[in-house]
Structures are given as structure tokens and as C-alpha cells.
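Notes follow the structure.
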Amino acid sequence: MKVFRSNILILLFIVELSLQIDTPCKNNYYQKLTLDSLEKLKSYSQFTSFSSINIHSAGLTSMPDFMFANYCINTLELSNNKIENILEHALSSLYNCSQLYLTNNNLKSLSNLLSSLDSSNITYLDARYNKIKTIDFHFPSTLTFINIDNNAIESIEENSFQNLTKLEILSLRRNQIRTIHDASFIGLYNLLNI
């Protein structure tokens with residue numbers, strides 16, 4: 001197997017049970033891989049650090065626990081799937097993930113996901129076009145950007161954005177917000193745009 005520099009390796013995953021492509025295409029990019037292929041890559045120690053992993057439009061409905069255990073990934077793209085729930089430990093042991101894209105899924109809550117990312121380096125969270133109804137969870141303190149537009153958010157609970165002293169952009173557009181607790185936005189000292 002040809003060895004690739006991990007800092008330029010971008011994986012594009014399309015989960016299809018009948019498709020198994022284990023050979024790279026030109027420019028050291030994988031065009032299509034199954035989750036089984038991801039497991040095979042784990043067996044090669046040089047394939048544990050990626051610039052980006054893209055599991056976009058793959059029809060995923062859930063995320064198993066420890067799916068990306070011991071991977072070092074800067075950007076994780078899980079948009080345009082059908083993910084309804086992300087188990088508490090699905091993204092545990094995901095090292096150095098700074099950007100997470102969950103756009104256009106069926107997520108009703110981010111609480112399990114965010115608790116598993118609590119000790120991560122995540123700075124960018126995009127969870128637009130889901131089915132999130134309330135902000136009743138705490139975001140990781142490392143976030144500088146949160147986009148939860150186009151959800152079904154009706155209320156924002158007290159201290160929902162607590163400890164987000166680095167947050168610069170918070171986007172809540174096109175929701176159905178009816179209730180905002182008085183202490184919802186306390187401590188957002190660096191907020192530039194809401």
C-alpha cells in the first residue's frame with residue numbers, strides 16, 4: 001500500500017454496502033470508502049491523522065460509540081445524512097477536531113454529542129437544518145462559532161451559552177424561539193455577531 005502524507009489526505013466516504021474501494025485515486029485522495037474501509041485504515045498506523053473526513057450524503061441514521069476513536073481529525077463533515085441521534089461516546093477520543101459539520105440531519109438534541117466533545121479542541125459547530133427544539137445543554141468552552149439556524153428551537157434555557165468566553169459568532173436565525181431565559185447570554189464577552 002502506498003504511504004500518503006496524512007496532512008493532505010482527505011477522505012470522502014459514501015456508505016454503500018455493495019461498494020468497497022480500497023485503492024486511492026489520483027492526488028492521494030480517496031473518492032469513496034465504506035465504514036469497513038475506515039476500519040481497515042485503522043490497522044495502518046500512518047492513517048490515524050487526517051485533515052478532513054467527509055461522510056456527506058451517505059444515508060447514515062446513527063453514529064456508533066467510539067466511531068472515530070484514536071483518530072486525529074481537523075474537520076469532520078457529517079452533513080446531509082439522516083442522523084437522528086449521536087450516542088454519548090460516538091465522538092469520544094476524537095483528537096484535535098476543530099470543525100464539526102452536522103448540517104441537514106434529523107438531530108433533535110446535541111446533548112450527547114456535546115458531552116463527548118467537552119474536552120476537545122472544537123471551535124466551529126454547524127448544526128443548521130436539524131430538528132433541535134431547545135438549547136438545554138452546554139456547549140464546549142472552546143467554540144468560537146455556532147450555527148444552529150433553521151431548527152425548531154422554541155426556548156433557550158438559563159446558562160445555555162455559559163463559559164463560551166471565546167464565542168464570536170452565534171447564529172439562531174429561522175427558529176421558532178418563544179422563550180429566552182434572562183441569563184441565557186451572560187458571559188459572551190467576545191460575541192461579535194448574533
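Miscellaneous remarks
- Surface composition of the range 61-173: carbon and sulfur make up 41 percent of the accessible area, probe 1.4 Å.
- Reference-scaled alpha-carbon Rg (2.2 N^0.38 Å with N residues) for the range 91-187: 0.99
- Accessible area, probe 1.4 Å, largest first, for residues GLU77, GLU84, GLU154: GLU84, GLU154, GLU77
- Heavy-atom accessible surface of the range 86-194, averaged per residue, reaches 48 Å², computed with a 1.4 Å probe.
- Environment charge at ASN190 (Cβ cut-off 9 Å; Lys +1, Arg +1, Asp -1, Glu -1): 0
- In this label model, ASN74 and ARG174 are separated by 2.9 nm, measuring between points 7 Å along each Cα→Cβ vector.
- Solvent-accessible area of LYS166, all protein chains in place: 110 Å² (probe radius 1.4 Å, heavy atoms, ligands and nucleic acids excluded).
- Equivalent ellipsoid semi-axes - Cα gyration tensor, the range 65-147, angstrom: 18, 14, 12
- Ranked by the mean number of other Cβ atoms within 10 Å per residue, highest first, peptides 55-66, 183-194 order as 55-66, 183-194.
The values are calculated or read from the model by the stated rules, or taken from the named source; none is laboratory data. Predicted model, so just to flag it, every value in this text is computed and none were measured. Heads up, the Cβs are rebuilt from the backbone with ideal geometry, glycines too, and the neighbour counts pull from every protein chain shown. All accessible areas refer to the heavy atoms of the entire protein, side chains included, with ligands and DNA or RNA removed. Shrake-Rupley method; radii C 1.70, N 1.55, O 1.52, S 1.80 Å.
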